[in-house]
Amino acid sequence: MKVGFVGLGAMGTGIVPRLMAGGHEVMGWNRTRGKAEALIAQGMRWADTPCQVARESEIVFSIVTDAEAVKEVALGPEGVIAGLAKGGIFADMSTISPIASRAIAAEFTKAGMYMLDAPLSASTKTLAEGKASIMVGGDREAYERARSVMLAIGPKVSYIGGSGLAAQMKIAMNLTLITQVISFCEGVAMAERGGVDRAVAVDAMLKSVVASPVLGYRGPCVVEGTEPRFAPAPVDFQQKDMVVALELARKMGLPIPVAAAANEMMNAGRGLGPEGCDFVVSVYEAYRRMGGKSK
């Protein structure tokens, strides 16, 4: 298929080669062309606007920072909706509130098009390993049309339900992931403060029932000397997702006290700097300093 991709950040630059390897012709756009040069060299066609991407694509994917960015690339004067053909599919993979996702989808419905919320559950590492999963919300027929393309990105593609439900599920998953990793940091910090070598504590945790897939690749990041200071999970990005979860829970009238506490630890970690620091590293350092250990 002719596939469009809007947003060529860390995840987008990992997804596009997989689409091309799956036999799809890809046209892409990003705010800064520099991030696309390597993909262009690999065969991706470049567009000057999201509208141009949509005009030449049967399905357009996007993965951008937040809801405002999705609105801009989707509904702006040079957005996807201005170029997509009637019956075309726009699949947004960004992590945004289901409320915002439904509002944007309603505009596509009015225009005779389909919008799917299709958030990606993966890190750059698991995406490269072919282990990414995609959850999809929206029109079932549009999902069936898009599914074969999505399978080029990752082997697990699941239909969650109506518009916004995949976005809802992604927020719930990210909340769980973040609180789990921060709880792990808390446990390791307690062990270290009591005299256990940090690397030994991490190893013991990962050999116990505490272990999980996310801790398997995120846990070792707290071992001194191996910290990915500027890994693809900066604390400000992770906290953006948690703030979305907290705001959504407030509107739903749902208490999420563990998430609220985890958010405070990300506040503490972000305050230590530097900007862009990995959230696991920064949160663990916050625990150590609050426990009386200097940097």
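Before moving on, here are some points about what is shown:
- Scanning region 269-294 for residues that are closer than 18 Å to residue 223 by Cβ, in a helix (DSSP H, G or I) and not aliphatic (A, V, I, L, M) turns up 269, 279, 282, 284, 285, 287, 288, 289.
- Checked against the criterion of being under 20 Å from the mean Cα position of the chain (by Cα), closer than 16 Å to residue 171 by Cβ and surrounded by fewer than 24 Cβ atoms within 10 Å (Cβ to Cβ), the candidates 101, 123, 133 yield just one match: 133.
- Any hit, region 185-192, residues being closer than 25 Å to residue 11 by Cβ and modelled with pLDDT of 95 or more: yes
- Subset of region 70-97 [out of contact with any strand residue (DSSP E or B) (no Cβ under 7 Å at 6 or more places or on another chain), hydrophobic (A, V, I, L, M, F, W, C) and in contact (Cβ under 8 Å) with a residue 40 or more places away in the chain]: 96
- Against the numbered list (1) closer than 24 Å to residue 132 by Cα; (2) hydrophobic (A, V, I, L, M, F, W, C); (3) in a helix (DSSP H, G or I), residue 211 comes up short only at (3).
- Here the strands (runs of 3 or more DSSP E) wholly within region 1-68 that include at least 1 residues being among the hydroxyl-bearing types (Ser, Thr, Tyr) are 59-62.
- Condition met for residue 128 (buried (at least 20 other Cβ atoms within 10 Å of the Cβ), aliphatic (A, V, I, L, M) and in the same structural domain as residue 14 (by TED's automatic domain parsing)): no
- Inside region 136-161, residues that are surrounded by fewer than 22 Cβ atoms within 10 Å (Cβ to Cβ) and closer than 13 Å to residue 11 by Cα make up a count of 1.
- For region 162-212, filtered to residues that are β-branched (Val, Ile, Thr) and without any contact (Cβ under 8 Å) to a residue 40 or more places away in the chain, the residue that is surrounded by the most Cβ atoms within 10 Å (Cβ to Cβ) is 202.
- Condition check for residue 85: modelled with pLDDT of 95 or more, of a type in the set (Gly, Ala, Ser) and crowded, with 17+ Cβ neighbours inside 10 Å: no
- Taking first residues from region 117-142 that are farther than 16 Å from residue 161 by Cβ and in contact (Cβ under 8 Å) with a residue 12 or more places away in the chain and partners that are assigned to a helix (DSSP H, G or I) and of a type in the set (Phe, Trp, Tyr), the Cβ contacts under 8 Å between residues at least 6 apart in sequence or on separate chains come to 123/217; 125/217; 126/217.
The values are calculated or read from the model by the stated rules, or taken from the named source; none is laboratory data. Since we're looking at a predicted model, the values are computed, not measured. So basically every Cβ, Gly included, is an ideal-geometry build from the backbone, and we count neighbours across all protein chains shown.
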